[in-house]
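First up is the structure itself, then whatever we jot down about it.
Values quoted throughout were computed directly from the atomic coordinates according to the rules given, and no laboratory measurement underlies them. Bear in mind that the values here come from a model prediction, so they are computed numbers and not experimental data. Note that each Cβ is placed from the backbone with ideal geometry, even for glycine, and that neighbours are counted across all protein chains shown.
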Amino acid sequence: MALLSVEDALDRILRGAKLRQLSETVGLHDASGRVLSQDIPALVTHPAFDNSAMDGYAVRHQDIASIGAELTVIGQSAAGHGFKGEVKAGETVRIFTGAPVPSGADTVIIQEDTERLSDGRIRTNFVPGKGRHIRTAGQDFTAGEAALSAGDVLDAGRLTLAAGMNHASLPVFKRPRVAILATGDELLTPGSKPGADQIIASNSFGVAAIARDNGAEVIDLGIVGDNRQAIAAQINKTQEADVDVLVTLGGASVGDHDLVQSTLVDCGMTLDFWRIAMRPGKPLMVGQLGAMSVLGLPGNPVSSLVCSLLFLEPLVRNLARLPDRERLATARLASPLPANDIRQDYVRARLSRDKNGSLLAHPFSRQDSSMMKVFAQSDCLIVRAPHAPEAPAGTDCDILRLR
């Protein structure tokens, strides 16, 4: 099977994804970052009544048509405690921000534009426009208006609006469920004491973080050894757990001890492809098991993280109905890079800014896909196209920002 390009691989992964129309209702405090599954009508009108935008005096505009008008203060209107009477000729009501505008008044003159007289009256020293400083009823939204739409991602502004529309809970699409299964006789959980032939399993934690950061619910299936029956048992669990994406870590190639791919096929997976023209991450396996997408990530930590950013992130965001995350940017190389071979290369690098504020990418000298520390210290991946020529320092380059 020929090596696929990164672009073709992503296109095939997304085309194979099975979007499900499953929704649930969650409280506002649990709705941040979720996606609305239906239009949301306002249950109330806002503002519910004409109210003052400023502290001042509610007046009839015809009574303050000229500077120096004197008015008698007949009461006050405060938020939650409106004035119940009517403003008539020559009268005014002291009013505070958010308070109902009393009957008869059509303008608010701010307190700085008035002078309080000793007998309790006020004198004006400015003529505001008619209707000034009044928020009219329904100027924001009216009851029954669909102010939020299906597909909206609930952020701070939209959650505030939903609460203002008098919704305590909202219908949202269910999070896609991503199951992660690490395989290998050599793997131990963090906190264990490794023997001479063992290593600590680390990949699943970074992969899970990427899935969660992009809207998924993660199910950790733990670690299984290189045993067909044990691997098959965990695969069967994904069917019971209604999983959308199964991510396997390691064992997806075709060596004597790489049992994941063949076991998945025995369990009913249709294999789409398993090699990509990229570095790191060439042995990526992709298939479909019923409605579940399957991504078999390489065992090297950096390979699994890079593949997760390039393929798992957009897949999860597609299933969660979230917009694409924009990681692509442009920088200049701080040091030269050699010519590239037939695979698209993702070079780990730090970022800085020059004296003009332009981004500089500093590639690390060592790029082995097992080096977790280098990846953790990286701010970006420099994207090197297949057959890219040697690039001297100062050359513009495409980067994928990691943070």
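Can you tell me what share of the DSSP beta bridges in the stretch 51-135 is antiparallel? A percent to the nearest 5 is fine. Numbers along the way, then the final one.
On the way: 17 of 22 bridges.
So the antiparallel bridges amount to about 75 percent of the total.
Tell me, in nm to one decimal, what length is gained between residue 401 and residue 385 on full extension, where the rule is 0.36 nm per residue of separation less the Cα-Cα distance?
Extending this stretch completely gives an extra 4.1 nm.
Pick from 151, 75, 268: which is most flexible by mean-square fluctuation in a GNM of the chain where alpha carbon atoms under 10 Å apart are linked?
In the Gaussian network model the winner is 75.
If I take R0 = 30 Å and measure r between the Cβ atoms of residue 7 and residue 236 in this structure, what FRET efficiency does the formula 1/(1 + (r/R0)^6) give, to the nearest 0.05? Could the numbers behind the result be given before it?
Details: r = 34 Å, r/R0 = 1.13.
Efficiency, rounded to the nearest 0.05: 0.35.
Using alpha carbons only, how many angstrom separate the centre of the stretch 275-344 from the centre of the stretch 164-220?
Spelled out, the Cα-based centre of one part sits 17 Å from the other.
Angle check, please: helix 228-240 long axis (alpha carbons) against the longest principal axis of the chain (alpha carbons), in degrees 0 to 90, nearest 10.
20
When the convex hull of the C-alpha atoms of the stretch 51-135 is computed, what volume per residue in Å³ does it have? If you can, show how the numbers build up before the last one.
Details: hull volume 6.1 nm³, N = 85.
Given the Cα convex hull of the stretch 51-135, per-residue volume reads 72 Å³.
Taking only the alpha-carbon atoms of the stretch 194-270, what semi-axes of the equivalent ellipsoid follow from 5 times the gyration tensor eigenvalues under a square root, in whole Å, largest first? Before the final figure, lay out each step's value.
On the way: eigenvalues 85, 71, 24 Å².
Computed over the stretch 194-270, the values are 21, 19, 11 Å.
In a GNM of the chain with a 10 Å cut-off on Cα contacts, which of 166, 125, 300 has the highest mean-square fluctuation?
Comparing 166, 125, 300 in the GNM, the peak value goes to 125.
Can you give me the distance in nm between label points at residue 205 and residue 139, each placed 7 Å from the Cα along the Cα-to-Cβ direction?
So the two model labels end up 5.4 nm from each other.
Where is the GNM fluctuation largest for the chain (alpha-carbon springs, 10 angstrom cutoff): 261, 288, 377?
Evaluated over the chain, the most mobile residue of the options is 377.
Taking 25 °C and 0.890 mPa s as the conditions, I'd like the Stokes-Einstein D for the stretch 328-401 in µm²/s, using the Kirkwood hydrodynamic radius from alpha carbon pairs.
On the way: Rh = 12.3 Å.
Using the Kirkwood radius from Cα pairs, D works out to 199 µm²/s.
Residues with amide H under 5 Å of residue 146's amide H, sequence separation 5 or more or different chain, H placed in the peptide plane at 1.01 Å from N; which?
The answer is 42.
Rounded to the nearest 500, what is the 222 nm mean residue ellipticity of the chain from helices alone, with -39500 (n - 2.57) per DSSP H run of 4+ residues and division by all residues? Each step should come with its number before you reach the end.
On the way: 8 runs with 72 residues, N = 403.
The helix-only estimate for the chain comes to -5000 deg cm²/dmol at 222 nm.
If each of residue 229 and residue 55 carries a label point 7 Å out from its Cα toward its Cβ, how far apart are those two points in nm?
Result for the modelled spin labels: 7.9 nm.
Pick the calculated Cα extents along the principal axes in Å for this structure from (1) 73, 56, 36; (2) 79, 41, 41; (3) 98, 55, 41?
Here the calculated entry is (3).
If I take every Cα pair under 8 Å that is 6 or more residues apart in the chain, average their sequence separation and divide by the length, what percent do I get for the relative contact order? The partial results should precede the final answer.
On the way: 921 pairs, mean separation 62.4, N = 403.
It comes to 15 percent, rounded to a whole number.
Distance in nm between label sites at residue 43 and residue 355, each 7 Å beyond Cα in the beta-carbon direction?
For the pair residue 43/residue 355, the computed spacing is 6.1 nm.
For the stretch 112-260, just say rounded, prolate or oblate: build the C-alpha gyration tensor, square-root its eigenvalues into a ≥ b ≥ c, call rounded for a/c under 1.5, and beyond that prolate if a/b exceeds b/c, oblate if not.
Values: a/c = 5.84, a/b = 3.22, b/c = 1.81.
Note, shape of the stretch 112-260 comes out prolate.
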